[in-house]
Each structure stands twice: as structure tokens, then as C-alpha cells.
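Have a look at the structure below, then the notes.
The values are calculated or read from the model by the stated rules, or taken from the named source; none is laboratory data. Everything numeric in this text was worked out from a predicted model, so none of it was measured. Cβ placement follows ideal geometry from the backbone for every residue including glycine, while neighbour counts extend to all protein chains displayed.
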Amino acid sequence: MSPGAPVLPVVAVVGPTGSGKSELALHLAERFGGEAVNADSMQFYHGMDIGTAKLSMAERRGIPHHLMDFLSVREDTTVAQFQALARSAIADIQARGKLPILVGGSGLYVRAAVDVLEFPGTDPAIRSRLEAELDAGGLTPLAARLARVDPVSAARINDGKRVVRALEVHELTGRPFSSFMPERDYVQPTVQIGLNGDRAQLHERLAGRVHRMVESGLQEEVAALIPEGLREGRTAQKALGYQQFLRVLDGESTVAAASEETITATRQFARRQITWFRADPRVHWLDWAQPDLYDAAGGLVHDAMEAANRAPGLP
């Protein structure tokens with residue numbers, strides 16, 4: 001960014017899956033001259049398009065979208081690695097005089113991008129041992145162990161990958177994982193816009209979306225990703241829809257059953273997302289159905305841009 005150029009804040013569009021985040025981000029990008037930075041951890045994967053509701057190139061309407069399709073389904077990334085990538089993308093966008101718009105519902109990834117947040121290191125040996133315990137004995141004993149050493153994290157975490165990470169951090173540092181989640185403090189001027197709405201309507205939206213995914217070829221997409229290493233990827237194979245339709249391809253389920261299981265799992269995931277983002281008092285919530293949605297969101301961005309450029313000490 002050239003000297004004297006306006007300070008451009010980070011805009012984060014957050015909320016549950018199916019709430020319209022991608023469309024709002026596109027509108028804001030067109031209105032304010034912005035570029036999108038993906039914070040949906042499953043849209044990192046190349047080839048996982050239908051089941052993640054990834055926008056096609058045509059649907060992106062010429063708006064650059066960063067941090068999509070940079071992993072194969074065999075690979076994983078850490079939140080710390082994403083933090084470095086996201087901040088680099090944001091800095092590049094701002095340096096070109098564009099507005100960075102972070103969009104996605106992966107709560108910890110959003111925090112990693114916008115907040116002052118420290119990430120402890122990793123230990124492959126500890127991680128492998130804990131993952132082997134998870135595979136052999138399931139989540140219950142590991143969750144019980146976490147509850148003993150870090151009850152704060154245990155109350156927040158309910159999936160195997162994150163329980164393993166929390167236990168790894170405790171073994172590695174002697175500190176509870178929750179101690180690495182400090183007070184909410186933006187690393188630079190930021191405005192978070194949250195989308196939410198009627199719960200019954202959200203349930204209908206999510207069911208309709210899953211059915212459209214199935215009709216659009218979700219099962220065929222899953223089948224095509226198996227030779228690419230979908231079964232070997234610890235994260236990608238567990239994505240909503242993909243794990244259910246892997247069982248269809250294995251003859252262990254039917255399309256109808258997998259669809260309903262995906263709908264149920266997606267609704268549960270949306271509920272967890274709402275809980276996560278509701279805990280952040282800095283999020284400005286808008287109803288996706290309100291007639292003035294775009295104007296309201298645009299007003300929040302306009303105010304954030306003015307605030308970022310206000311001289312210190314002025315009201």
C-alpha cells in the first residue's frame with residue numbers, strides 16, 4: 001500500500017453453513033473493490049467442490065478467491081499454517097489497494113486470521129500415538145482424559161481431531177490448550193458480519209442443499225476422489241457428505257440413508273457454528289432474510305473503513 005493510502009480493514013463474513021455467506025461476500029467485494037479469502041477448511045481441498053458448496057469460477061463473478069484448492073485430499077494443514085497463509089493473502093490484497101473479505105464458517109480459522117493468537121508447536125510422535133489411541137479406542141477415553149487436564153477445552157471440543165490436538169499441546173507444553181486462547185483482540189482493524197436467521201428455515205435450506213448436492217453428482221465426486229487419496233486423508237474423508245457417501249460406495253449404506261445422515265450431521269454442524277460465533281461479542285449479526293441486508297452489511301463495512309482511518313485521539 002502506498003504511503004498516505006487509506007487503511008483497509010479486514011471484513012469477515014461468518015455464520016452457519018447455508019446462511020448465504022458466499023453471496024454476501026461477493027456483493028461486498030463488488031461494492032467496495034474487494035477480494036475473498038476462504039476460511040472454510042473443507043474448501044481448501046482440490047476436487048471437493050459439490051459437497052463443500054464451493055463456488056464455481058463463473059459463480060465467483062470475476063472476484064479473486066484466495067486459499068481455495070491448495071491441498072490434495074491426502075494432505076492436511078494446521079490452523080497455524082492457515083494463519084500464516086491467510087495473513088499473507090490479506091497483506092497482499094491490502095497492498096494492492098483492495099479490501100480483504102474473509103469468508104467461511106470454520107470458527108477457529110477465522111480467529112486465527114483476525115485475532116492476536118498464539119499457536120503452540122507440534123510433536124509428530126505424540127500426535128501419532130494419540131491418533132492411534134483414538135483409532136483403537138474411540139473418542140470417549142481421550143475426552144475423559146482431556147476433561148481431567150483441561151476441563152475448559154473439554155467443554156468446548158467434541159470431535160476427535162481437536163481432542164487429540166488439545167492433549168498433544170498439554171503433553172508438549174504442560175499448559176492446557178485453553179490457555180492459548182486469550183482475550184479477543186484483533187491483530188488489525190476488523191469488522192465481523194454474522195449471518196443468521198430462523199432455525200426452521202435454516203433446516204429447510206440445509207436439507208434442500210444436500211438434496212441438490214446429491215442430484216448434482218456428490219456420489220460421483222466422492223468416487224472420483226478415491227484414486228486421488230480420499231480414503232488416506234485423515235481430514236478430507238471425514239468431511240460432511242464425503243464420509244457418508246464413502247459408505248454408499250462400500251455397499252454399507254444407501255443414497256437415501258446417506259442423504260438423511262448428511263442432512264442431520266450438517267444441521268448439527270450449523271448449530272455448533274452458531275454457538276461458536278455467538279460467543280464472540282464483536283460479531284455484528286444480520287438476518288439473512290431482512291430486505292435491507294446488503295445495505296446493512298455495506299453500512300457496517302463503510303463504518304469500519306472510516307474507523308480504521310480515523311486519526312488517533314479523535315472521536
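Given the conditions (1) within 21 Å of the chain's Cα centre (by Cα); (2) within 25 Å of G20 (Cβ to Cβ); (3) free of Cβ contacts under 8 Å to residues at least 24 places away in the same chain, and given that A207 satisfies all but one, which numbered condition is not satisfied?
It is condition (3) that A207 fails.
Pairs please, first residue from segment 32-49 and closer than 16 Å to V110 by Cβ, second anywhere and polar (S, T, N, Q) and not in a helix (DSSP H, G or I), Cβ atoms under 6 Å, 6+ apart in sequence or on different chains.
Within 6 Å, the pairs are A39/S106; D40/S106; S41/S106; M42/T52; Q43/T52.
I'm trying to understand the selection: among the residues of segment 1-19, which are part of a loop (DSSP other than H, G, I, E, B) and under 19 Å from Y109 (Cβ atoms)?
P9, G15, P16, T17, G18, S19
From the list A270, A279, which residue is without any contact (Cβ under 8 Å) to a residue 12 or more places away in the chain, hydrophobic (A, V, I, L, M, F, W, C) and within 22 Å of A12 (Cβ to Cβ)?
Among A270, A279, only A279 is without any contact (Cβ under 8 Å) to a residue 12 or more places away in the chain, hydrophobic (A, V, I, L, M, F, W, C) and within 22 Å of A12 (Cβ to Cβ).
Could you please let me know if V163 is at pLDDT 90 or above and either more than 30 Å from L28 (Cβ to Cβ) or over 22 Å from the mean Cα position of the chain (by Cα) (or both)?
yes
When you go through (1) part of a helix (DSSP H, G or I); (2) closer than 30 Å to Y186 by Cα; (3) touching a residue at least 12 places away in the same chain (Cβ under 8 Å) one by one for A289, which number turns out not to apply?
With (1) part of a helix (DSSP H, G or I); (2) closer than 30 Å to Y186 by Cα; (3) touching a residue at least 12 places away in the same chain (Cβ under 8 Å) applied to A289, the lone miss is (1).
Does G160 satisfy being surrounded by fewer than 20 Cβ atoms within 10 Å (Cβ to Cβ) and touching a residue at least 24 places away in the same chain (Cβ under 8 Å)?
Judged against the criteria, G160 is a match.
Take segment 243-257 and flag every residue that is surrounded by 14 or more Cβ atoms within 10 Å (Cβ to Cβ) and without any contact (Cβ under 8 Å) to a residue 24 or more places away in the chain.
Residues satisfying the conditions are Q243, Q244, R247, S253.
Just give me the residues in segment 75-114 being among the polar types (S, T, N, Q), more than 25 Å from E168 (Cα to Cα) and surrounded by fewer than 16 Cβ atoms within 10 Å (Cβ to Cβ), in sequence order.
Within segment 75-114, just S88 meets the criteria.
Look at segment 181-199 and say how many of its residues are closer than 20 Å to Q273 by Cα and either among the aliphatic types (A, V, I, L, M) or in a helix (DSSP H, G or I) (or both).
5
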